[in-house]
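Since the structure comes first, as structure tokens, the remarks are kept for the end.
Only the coordinates and a few stated rules stand behind these numbers; no lab work does. On a predicted model such as this, the values are computed, not experimentally measured, just so you know. Please note: Cβ atoms are built from the backbone with ideal geometry, for glycine as well, and neighbour counts cover all protein chains shown.
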Amino acid sequence: MAFALNTYPITYRAKFSDGNWSEEYLEKPHKTSEEEAAMSDDDLAKLQDSRNCYADMPLVNYTSQYGLACFEGLKALPQKDGGLSLFRPDKNAARFYRSMEGLCMPPFPEKFFLSACIETVKRNAKLGFYPHYNSDWEKDSFMTADSVYVRPFTMSEGGIGVNLSSKPWVYVINTPVSAYFSANNSDAVISDRIRATPNGTGWIKACSNYVISALAKSEALKAGYMECVFLDAAHRKYIEEGSSCNIFFYLKSGELVTPELGDTILPGITRASIIELARDKGIKVSERQISIDEVMGETKECFVSGTAAGATPITSLTYKGKKAVFSDGRVGDFSADIRDTIKGIQYGTLPDTKGWMMRVI
Ligand code: COI
């Protein structure tokens, strides 16, 4: 299973109107999970496509025309003891609220967000739609482990003029996912493109931000890399983030550096968790500007972080044709340790001493 869409049957939808959010859970067409597993690929694809269609939604709207929307991504992870737990959903709820405020939409109450995430996962699991813990995942540090990806997002009301959304919908869908990045390539390249500009929307989880990411990432893939990395817009000098993830550099000096938050960097929840875990391990962590020259000369290890990315090692970075190789091209000890710690907490093989996991079933 890769990072592909296979929407589970239960979807949540809320609509803002007359100052209130009205909520509903929709049960889209499905068979039992066992019957679906036995279907031909074509028939299953048709059924899954039908779960992704909403005939009562306006086609022309500020989201489809101008990209005015935001989203979240969080995971419900199968636990070693057989349950299913969400990772820090309160943080996604708070960020979604800020994103909607940033896009001048009526913000979605955090308690609605939380209960919609919990309930969709719970209701889909009750119908048999959830991945089961597999101890084989421990062999590759959960890099290929499955989980339920919970995707809350906004959709605007119908409209054609350039406008803000005052009556948005919020949807929450669930889909099973596995590894986001390919396992056999961990090379990255600096993109010539600019992901975010000062006073723009880079700090918001805005859908429109991902247009540049998609272009830059496809260029990187075509050139044989796994990932692209952006430099800042103003100086074309400082590291910002990857195509859909934050980035960390473990320097030869022993300092762990990640670009400081500002209006061009997404405040990642995995990013914040890694900072906390690394500090607990006694590592000096700095959120600061880091130039491409410093990175090329001083990096011992590098990894990208995010809900989808987890903590994925980057073993080389190419800039203007020059390639810096980290840890002799292998996954470094520190990157492996951080990845194993966060994955262990998420999948329940390590104690959740910080209370980050929220049990769903
Ligand atoms: C995530 O890490 O979940 C994200 O939101 C990135 C996504 C574009 C794959």
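Between Lys323 and Phe71, the contour length at 0.36 nm per residue exceeds the alpha carbon distance by 87.3 nm. Among the aspartates and glutamates, which fall within straight-line cross-link reach of Lys322, defined as a Cα-Cα distance under 13 Å, with same-chain neighbours fewer than 8 residues apart omitted? Hits, sequence-local ones excluded: Asp187, Asp293. Could you list the residues of segment 256-276 with an amide nitrogen less than 19 Å from a label point located 7 Å from the Cα of Tyr210 in the Cα-to-C-beta direction? Within reach of a label on Tyr210: 264-271.
Electrostatic tally near Asn134: other residues with Cβ closer than 14 Å to its Cβ, Lys and Arg +1, Asp and Glu -1, net -2.
Taking the inverse of the average 1/r across all pairs of different Cα atoms in the chain, what Kirkwood radius in Å do you get?
In the chain this quantity evaluates to 21.3 Å.
Using a simple spin-label model with pseudo-atoms 7 Å out from Cα toward Cβ, His235 and Ser22 lie 5.3 nm apart. Extending 7 Å from the Cα toward the beta-carbon at both Ile283 and Asp337 defines two label points whose distance is 0.8 nm. By the helix-only formula, in which each DSSP H run with n ≥ 4 contributes -39500 (n - 2.57) and the sum is divided by residues, the chain has a 222 nm mean residue ellipticity of -8500 deg cm²/dmol.
Rounded to the nearest whole angstrom, the semi-axes of the ellipsoid equivalent to segment 1-131, taken from the Cα gyration tensor as √(5λ), stand at 27, 20, 13, largest first. Between Glu294 and Asn184, the FRET efficiency estimated from the beta carbon spacing at R0 = 25 angstrom works out to 0.30. The number of Lys pairs in segment 10-177 with C-alpha atoms less than 16 Å apart, excluding pairs fewer than 8 positions apart on the same chain, is 11. Of all DSSP beta bridges confined to segment 187-347, the antiparallel ones make up roughly 65%. The Cα-based radius of gyration and maximum Cα-Cα distance (Dmax) for segment 79-202 are 18.3, 53 Å. Coupling constants for segment 273-283 follow from the phi torsions by the Karplus curve (6.51 cos²θ - 1.76 cosθ + 1.60, θ = phi - 60°), and in residue order they are 5, 5, 4, 5, 5, 5, 5, 4, 7, x, 7 Hz; glycine and proline get x.
Between the Cα long axis of helix 89-102 and the first principal axis of the chain there is an angle of about 90°, rounded to the nearest 10. Extension gain for Lys111 to Leu164 (0.36 nm times residue separation, less C-alpha to C-alpha distance): 16.7 nm. When only alpha carbons of segment 187-347 are considered, Rg and Dmax amount to 14.5, 41 Å. The slack in the chain from Glu35 to Leu59, taken as 0.36 nm per residue of separation less the alpha-carbon distance, amounts to 5.4 nm. Need the C-alpha centroid separation for segment 1-50 versus segment 52-103, integer Å. Taking the Cα centre of each part, segment 1-50 and segment 52-103 sit 15 Å apart.
Relative to the longest principal axis of the Cα atoms of the chain, helix 333-347 runs at roughly 20 degrees. Please give the Cα centre distance for segment 253-314 versus segment 107-128, rounded to the nearest Å. Cα centroid to Cα centroid, the span is 31 Å.
Listed peptides 323-329, 69-75 appear in the order 69-75, 323-329 once ranked by packing, highest mean of other Cβ atoms within 10 Å at the front.
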